[in-house]
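Where a number appears in this text, it was derived from the coordinates with a stated rule and is not lab data. Everything numeric here is computed off the predicted structure, so don't read it as measured data. Cβ placement follows ideal geometry from the backbone for every residue including glycine, while neighbour counts extend to all protein chains displayed.
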Amino acid sequence: MKKKNAKKNNKLTLQEKIELRNAEKKRKTKIALIATAIVLASVLVLSVGGVILYNSFFSDKAVFEKDIIDNTSEKNPAGSPLEKRGLRSGDYIYAVYEDDTVTLSYYLGKKEYVNIPETIGGKTVTTIGKSCFYNRTAVKGVLLPESVKYFEEYAFQNAKSLKKIEIPEGSTVIKEGTFVNCSALTEVKIPDSVKTIEDGAFYYCSALNEITLPEGLEKIDTYGFGACANLKKITLPESLSEIGENAFVACAAMEEITLPKSLEAIGAYAFSECVSLKSIEIPAKVKALPDALFNNCTALTEVTLNERLEKIGTSSFYYCEKLEKVNIPESVTKIGQYAFCHCIELDSITLPASLTLLDAYAFADCDSLASVNIPESLTEISNYAFASCTALKEIDIPGTIKSIGSFAFTGCEKIDTVVIPESVTKIGECAFAGMSSLERAVIPDSVKDIGKNAFHECEKLVIECSAGSAAEKYANENSISCLEG
């Protein structure tokens with residue numbers, strides 16, 4: 001049972017992890033308060049009996065061995081095993097490791113500016129431990145000695161007044177959630193040694209306006225800079241090869257970003273909800289646009305896709321309302337569901353001859369789309385593929401198409417003629433419904449299956465077909481004029 005629970009927790013989103021950590025901290029705090037009350041009660045009882053027991057809740061000796069407040073790792077970042085935890089010196093709870101180094105486990109003080117000591121008890125302070133400054137909302141600045149080399153996970157979580165921080169020289173990783181919800185943070189200095197920015201490292205740093213990432217950085221992980229609502233300018237190094245899922249999601253102030261030539265992979269939703277982003281160029285090494293990459297980037301007007309791109313994922317440009325034009329390279333073979341759905345300013349599109357999949361809703365609700373080609377490489381027009389493209393004036397269905405999906409062209413009210421090729425055997429439900437200008441539909445004998453309401457509300461329609469065909473039967477059953485050819 002424990003193994004199953006552990007496996008389940010590994011699949012939690014960053015937000016869920018944060019909520020669980022906060023809940024666990026509240027639980028531990030409650031336990032600590034109860035324990036404190038018990039200790040104080042014990043002191044009182046002993047005092048009444050004439051015996052004064054010195055039992056400081058925090059002392060310079062190892063106390064609280066059961067990790068009530070302390071959240072210290074069993075090994076420090078250098079790999080040395082834990083020797084003692086739950087020690088106190090001044091405003092700090094700390095732990096000592098076998099390599100004679102100290103990890104600061106928790107800061108108890110209320111100072112606005114904290115000067116971290118270089119040594120405690122003659123041992124070198126090297127690490128700001130997990131959640132060390134958690135909820136220390138008074139802290140505006142932290143001065144680090146040269147001895148500090150590491151920040152552990154969530155080290156400054158919810159330090160909502162922290163304005164400035166310098167990542168220690170020699171650090172290779174900015175750990176998960178290190179500065180999550182540091183909503184006043186405006187200045188961060190990151191050394192060239194950093195290779196990875198982990199999950200949610202700067203998540204919800206809403207005051208962060210500008211940041212330069214160092215040469216040598218290789219990866220920005222999931223939610224790395226997610227919800228940094230005022231992040232307007234970020235400089236990415238040429239060493240960067242991977243941007244994780246949601247890495248810049250909801251960076252609402254970001255107007256532009258230059259993706260480096262070194263970039264090879266981008267995660268889903270990486271720039272979703274970046275509502276000020278105006279233009280983007282996809283570098284040559286990126287072969288696939290993931291799901292919802294630019295979802296709801298409502299200011300995006302210009303996109304340059306590289307000539308090696310093979311796939312445009314589900315909802316990649318969904319609701320990009322100002323996107324006027326995009327050139328899809330000949331290398332693209334798949335366009336996913338909702339890929340360009342509701343791109344209401346997109347006026348024309350040329351689909352490449354290499355395209356083998358045009359998935360459902362791919363260009364649905366593109367109000368300004370007046371022209372589109374359907375390449376011979378396709379064998380199916382998917383459900384809702386061009387639904388409600390109200391400006392579309394004509395369609396040329398190639399002889400390779402075998403089926404036309406449900407609602408594929410519904411609401412395309414300016415099209416007046418549809419010629420179905422002899423390769424088509426099936427027309428889906430409501431495929432051409434609501435085409436108020438449709439006057440002529442040529443349907444061959446090859447079509448054996450015509451779905452319900454396929455031509456519903458096409459008041460001007462005359463179907464041209466053979467006697468005894470499925471098309472004639474459909475026309476008669478739905479009171480549509482039929483011209484036998």
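Which aspartates and glutamates have a Cα lying under 13 Å from the Cα of Lys175, excluding residues fewer than 8 positions away in the same chain? Cα-Cα hits under 13 Å: Glu152, Glu153, Glu198, Asp199, Asp221.
Can you compute the FRET efficiency between Thr172 and Asn209 using 1/(1 + (r/R0)^6), with r the Cβ-Cβ distance and R0 = 25 Å? Round to the nearest 0.05. FRET efficiency, Thr172 to Asn209: 0.45.
Just to confirm the filter: which trypsin sites (Lys or Arg not before Pro) across segment 206-275 are DSSP coil and have at most 14 other Cβ within 10 angstrom of their Cβ? Let's see the in-between values first.
On the way: sites: Lys219, Lys232, Lys233, Lys261; in loops: Lys232, Lys261.
Listed in order of number, the matching sites are Lys261.
Take the Cβ atoms of Arg440 and Thr258, set R0 to 51 Å, and the FRET efficiency comes out at 0.50. Full extension of the segment from Lys163 to Ser80, taken as 0.36 nm per residue of separation minus the current Cα-Cα distance, would add 26.7 nm. Residues Arg136, Arg88, Arg308, ranked from the fewest to the most other C-beta atoms within 10 Å, line up as Arg308, Arg88, Arg136. The residues neighbouring Val419, those whose beta-carbon lies less than 11 Å from its own, together hold a net charge of -3 under the Lys/Arg +1, Asp/Glu -1 convention. The aspartates and glutamates whose alpha-carbon is closer than 13 Å to the alpha-carbon of Lys448, local same-chain residues fewer than 8 away aside, are Glu422, Glu472. Placing a pseudo-label 7 Å from each Cα along the Cα-to-Cβ vector at Lys110 and Glu281 gives an inter-label distance of 5.5 nm. The distance between label points at Glu118 and Val419 comes to 8.6 nm (points 7 Å beyond Cα on the Cα→Cβ vector). Amide H contacts under 5 Å for Thr119: Val125, restricted to partners 5 or more places along the chain or on a different chain, H placed in the peptide plane at 1.01 Å from N. Using the Cβ atoms and a cut-off under 11 Å, what net charge is assigned to the surroundings of Met254, where Lys and Arg are +1 and Asp and Glu are -1? Result for the local shell: -1. The structure-derived value of mean projected area of the Cα convex hull in nm² appears in the list [x] 29.1; [y] 22.9; [z] 26.9 under the label [x].
Less than 11 Å Cβ to Cβ from Asn296, Lys/Arg counted +1 and Asp/Glu -1: what total charge do the surrounding residues give? Walk me through the intermediate numbers first.
Numbers: positive: none; negative: Glu273, Glu321.
Overall, the nearby charge balance is -2.
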